[in-house]
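Chemist: My structure is below; once you've seen it, I'll send some questions.
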Amino acid sequence: MVPTAPEALLAAIRAKDQLAVMRLLDEDPTRAGMRATGGESLVLHAAYVGATDLVPMLLRGRPLDACEAAALGDVTSLRTAVENDDDARVLRSSDGWTPLHLAAFFGRDDAVALLIDHGAPLDAHSTNATRNTPLHAALAGATKASVVRRLILAGAGVEARGAQNVTPLHLAASRGDAALCDLLIARGADPQALMEDGTTPAALAIARGFTELGEHLAMQERVETD
């Protein structure tokens with residue numbers, strides 16, 4: 001089992017403290033291969049906390065794996081990974097994501113396109129508590145419209161269910177994105193879809209303060225009923 005990095009190193013990464021990270025890695029170079037508390041590599045952890053400037057020193061000369069390259073939007077490294085190893089497109093990070101989940105979450109257009117072209121699974125569910133598909137991840141993260149559209153047009157399931165029965169439409173509604181809500185509905189998303197607690201996309205939009213969108217979605221619910 002790969003050990004968890006000491007809290008001092010994780011704190012230095014979160015603080016984007018290059019000198020502290022360098023010192024802690026120089027003290028024990030094996031720390032670069034340790035994991036963050038969520039199980040992800042330190043490179044992925046740096047991506048998660050917006051400390052990408054630290055990536056070169058955390059890599060210590062090793063190549064990025066497919067998940068790391070996807071999260072960072074490093075298309076050159078990602079192409080090398082998927083073309084040299086057919087299994088790279090279905091690789092799982094230690095915290096449960098495929099490369100396509102990560103590229104979608106961070107809004108990496110070119111990485112998403114490359115992975116789709118190489119047959120990355122569009123409807124793979126993350127093996128963590130969210131049970132998200134890449135489309136869920138795109139909407140939960142950067143919510144970049146071009147990435148969401150690319151996934152939908154490639155055939156990603158607009159009715160896929162994540163944890164608590166959350167659909168992509170629920171997530172688009174929670175972000176207040178009317179255009180993406182309309183696109184999802186046009187592609188077959190159910191405006192009456194219920195989360196486990198009975199919440200509809202319209203109710204979720206209203207709860208998040210997007211009243212106009214909530215009313216629009218409620219109208220879509222009535223259309224579906226009629």
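The values are calculated or read from the model by the stated rules, or taken from the named source; none is laboratory data. None of these values were measured; they are calculated from a predicted model. We place every Cβ from the backbone using ideal geometry, glycine too, and count neighbours over all the protein chains shown.
Chemist: Out of Thr143, Thr211, report the one residue that is of a type in the set (Val, Ile, Thr) and at negative phi. Quick ask: steps written out before the conclusion?
Modeler: On the way: Thr143 fails: at negative phi.
Residue meeting the stated conditions: Thr211.
Chemist: Does region 187-198 contain at least one residue that is touching a residue at least 40 places away in the same chain (Cβ under 8 Å) and touching a His at 6+ places or on another chain (Cβ under 8 Å)? Don't jump to the end; show me each part of the working.
Modeler: Here is the first cut: in region 187-198, the residues touching a residue at least 40 places away in the same chain (Cβ under 8 Å) are none.
No, the conditions are met nowhere in region 187-198.
Chemist: Evaluate the following for Gln220: is it more than 24 Å from the chain's Cα centre (by Cα) and modelled with pLDDT under 95? Let's see the steps before the verdict.
Modeler: Values: more than 24 Å from the chain's Cα centre (by Cα): yes; modelled with pLDDT under 95: yes.
Yes: the conditions hold for Gln220.
Chemist: Return yes when Gly61 is closer than 17 Å to Pro3 by Cα and modelled with pLDDT under 95 and no when it is not. Spell out the reasoning first.
Modeler: Working: closer than 17 Å to Pro3 by Cα: no; modelled with pLDDT under 95: yes.
In short, no.
Chemist: Going residue by residue through region 200-222, is there one that turns out to be closer than 23 Å to Asn128 by Cα, in contact with a Ser or Thr (Cβ under 7 Å, 6 or more places away or on another chain) and surrounded by fewer than 19 Cβ atoms within 10 Å (Cβ to Cβ)?
Modeler: For region 200-222, residues closer than 23 Å to Asn128 by Cα, in contact with a Ser or Thr (Cβ under 7 Å, 6 or more places away or on another chain) and surrounded by fewer than 19 Cβ atoms within 10 Å (Cβ to Cβ): absent.
Chemist: Follow-up. Of the conditions (1) under 25 Å from Ala145 (Cα atoms); (2) crowded, with 18+ Cβ neighbours inside 10 Å, Val90 fails just one. Which one is it?
Modeler: Checking Val90 against (1) under 25 Å from Ala145 (Cα atoms); (2) crowded, with 18+ Cβ neighbours inside 10 Å, the one that fails is (2).
Chemist: I need the full set of residues from region 107-120 which are surrounded by fewer than 16 Cβ atoms within 10 Å (Cβ to Cβ) and either in contact (Cβ under 8 Å) with a residue 60 or more places away in the chain or assigned to a loop (DSSP other than H, G, I, E, B) (or both), in order please.
Modeler: If the condition is that a residue be surrounded by fewer than 16 Cβ atoms within 10 Å (Cβ to Cβ) and either in contact (Cβ under 8 Å) with a residue 60 or more places away in the chain or assigned to a loop (DSSP other than H, G, I, E, B) (or both), then Gly119 is the only one that fits.
Chemist: Next up: Return the residues of region 9-48 that are more than 18 Å from the chain's Cα centre (by Cα), among the β-branched types (Val, Ile, Thr) and surrounded by 15 or more Cβ atoms within 10 Å (Cβ to Cβ); say none if nothing qualifies.
Modeler: Residues satisfying the conditions are Ile13, Val21.
Chemist: Select from region 169-214 the residues that are of a type in the set (S, T, N, Q) and in a helix (DSSP H, G or I) and list them in ascending order. I'd like the intermediate steps shown before the answer.
Modeler: Initially, region 169-214 is screened for residues of a type in the set (S, T, N, Q), giving 174, 192, 199-200, 211.
Passing the criteria: Ser174, Thr211.
Chemist: So in region 165-198, with the set limited to residues that are over 18 Å from Val223 (Cα atoms) and of a type in the set (Val, Ile, Thr), which one is surrounded by the fewest Cβ atoms within 10 Å (Cβ to Cβ)?
Modeler: By that ranking, first place goes to Val166.
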